[in-house]
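Everything below concerns the one structure shown next.
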Ligand code: SAH
């Protein structure tokens with residue numbers, strides 16, 4: 001008998017952002033698989049088996065889920081935010097593809113989640129109100145030259161830019177290089193949002209001009225949004241601003 005794999009996005013942190021569909025999928029599962037800190041956000045019910053693993057062990061996690069499902073178990077693989085955005089869902093399908101014909105028999109449901117970009121944007125107003133581009137700055141899984149080329153193309157096309165994985169302990173210089181590149185393409189007054197640990201107890205948000213934006217404003221839990229030429233800041237009291245990108249764009 002074949003089991004079932006639910007791939008579940010837990011949202012950015014706050015339990016209020018876990019969708020009812022995600023909660024239902026988690027409740028059905030006999031086994032919960034994921035990166036330890038994400039699993040810690042799930043209140044497991046008695047009888048559920050928790051399989052916590054290291055951040056980098058994504059392919060092992062996918063194969064583990066597939067072997068449990070092949071044995072008839074119901075499994076939930078969890079990711080933060082949305083599981084399909086820089087997260088486990090793609091890894092699972094990569095593993096399924098390598099199974100060939102056996103992969104066709106795997107029963108999978110992907111449950112969408114509130115991705116960091118959307119939660120961060122909501123804090124500031126509507127910076128993603130018009131065309132935007134999401135790019136991971138991590139060069140663990142793609143060459144740095146590819147990242148630079150994509151950021152340059154997206155910046156020249158005047159998309160609002162949302163950067164995931166802007167910095168980590170092992171990747172300290174990349175964000176500085178990206179900001180340097182953007183200063184050659186976008187105006188100095190372009191708003192740059194550093195939205196850190198959104199919807200978690202240590203949430204903080206900082207807004208800078210592109211001219212003054214610095215890598216130290218970000219850490220591993222930061223989502224960076226860079227406005228397009230149309231993005232606007234609107235005062236909202238207490239020296240704070242709303243940022244939005246109008247829905248109308250001028251002729252290119
Ligand atoms: N699947 C996740 C993204 C995983 S990549 C999602 O859809 O949100 C990890 C990156 O996501 C982090 O480096 C950071 O850029 C962003 N991120 C995750 N949670 C966040 C949060 N609560 N606040 C701000 N950024 C967050």
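For this structure, a couple of remarks:
- Test: residue in region 75-88 that is surrounded by fewer than 16 Cβ atoms within 10 Å (Cβ to Cβ), over 25 Å from residue 202 (Cβ atoms) and touching a residue at least 24 places away in the same chain (Cβ under 8 Å): no
- Matching residues, region 108-141, being buried (at least 18 other Cβ atoms within 10 Å of the Cβ), touching a helix residue (DSSP H, G or I) at 6+ places or on another chain (Cβ under 7 Å) and part of a loop (DSSP other than H, G, I, E, B): 113, 114, 127, 128, 137
- Residue among 199, 228 that alone is farther than 22 Å from residue 147 by Cβ and either in contact (Cβ under 8 Å) with a residue 12 or more places away in the chain or buried (at least 19 other Cβ atoms within 10 Å of the Cβ) (or both): 199
- Restricting the search to helices (runs of 4 or more DSSP H) fully inside region 7-107 and requiring at least 3 residues that are away from the ligand (no atom under 16 Å from the Cβ) and out of contact with any strand residue (DSSP E or B) (no Cβ under 6 Å at 6 or more places or on another chain) gives 20-28, 58-70, 88-98.
- Residue in region 167-190 that is within 16 Å of the ligand (Cβ to nearest atom), over 22 Å from residue 139 (Cβ atoms) and assigned to a strand (DSSP E or B) present: no
- Selection within region 202-225 - within 11 Å of the ligand (Cβ to nearest atom) and crowded, with 18+ Cβ neighbours inside 10 Å: 218, 221, 222, 223, 224, 225
- Sole residue being in contact with a helix residue (DSSP H, G or I) (Cβ under 6 Å, 6 or more places away or on another chain), in a strand (DSSP E or B), surrounded by 15 or more Cβ atoms within 10 Å (Cβ to Cβ) and in contact (Cβ under 8 Å) with a residue 24 or more places away in the chain, chosen from 194, 163: 194
- Residues satisfying the stated conditions in region 219-235, i.e. outside any strand (DSSP E or B) and under 22 Å from residue 187 (Cβ atoms): 227, 228, 229, 230, 231
Bear in mind these aren't lab numbers, they're just calculated from the coordinates by the rules spelled out. This one's a predicted model, so the numbers in the text were calculated from it and none came from an experiment. Please note: Cβ atoms are built from the backbone with ideal geometry, for glycine as well, and neighbour counts cover all protein chains shown.
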